């Protein structure tokens, strides 16, 4: 009978203080914590990976780490602060049939005597 495993996300700190974030397959979160300690890491957080809905992480191939909700929130705030998300005013429409900048009398005449 095979042991059923789940994917767990973890954050751990090594002896030099560097933070490590990754995922690991294991039967339980306590097994993940034990394995991290065996590798000389201090577990800071271990939780089931693969959230659903708004709790799901976004993975972009080639970028290694996932983009979490905190990253999306920060990007959204920065984009708003820098006015990257402000609405753009629609282009001015001249209904007279003349291209912008051309002048003439509204009656369609040449304006001359």
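Just order 29-37, 10-18, 41-49 by mean Cβ neighbour count inside 10 Å, highest at the front, would you?
Packing order, densest peptide first, comes out as 29-37, 41-49, 10-18.
Given a Förster radius of 41 Å and the C-beta distance between residue 69 and residue 2 as r, what FRET efficiency does 1/(1 + (r/R0)^6) yield to the nearest 0.05?
Step by step, r from the Cβ atoms, then E = 0.75.
Can you tell me the Rg and the Dmax, both Å, for the Cα atoms in region 1-49?
10.9, 40
On full extension of the chain, what length is gained from residue 38 through residue 79, given 0.36 nm per residue of separation minus the C-alpha to C-alpha distance?
Gain in length upon complete extension: 10.5 nm.
Here, each number is a calculation from the coordinates, and none is a lab measurement. In this text, all values refer to a predicted model and were calculated from it rather than measured experimentally. Cβ coordinates were reconstructed from backbone atoms using ideal geometry, including for glycine residues, and neighbour counts include every protein chain displayed.
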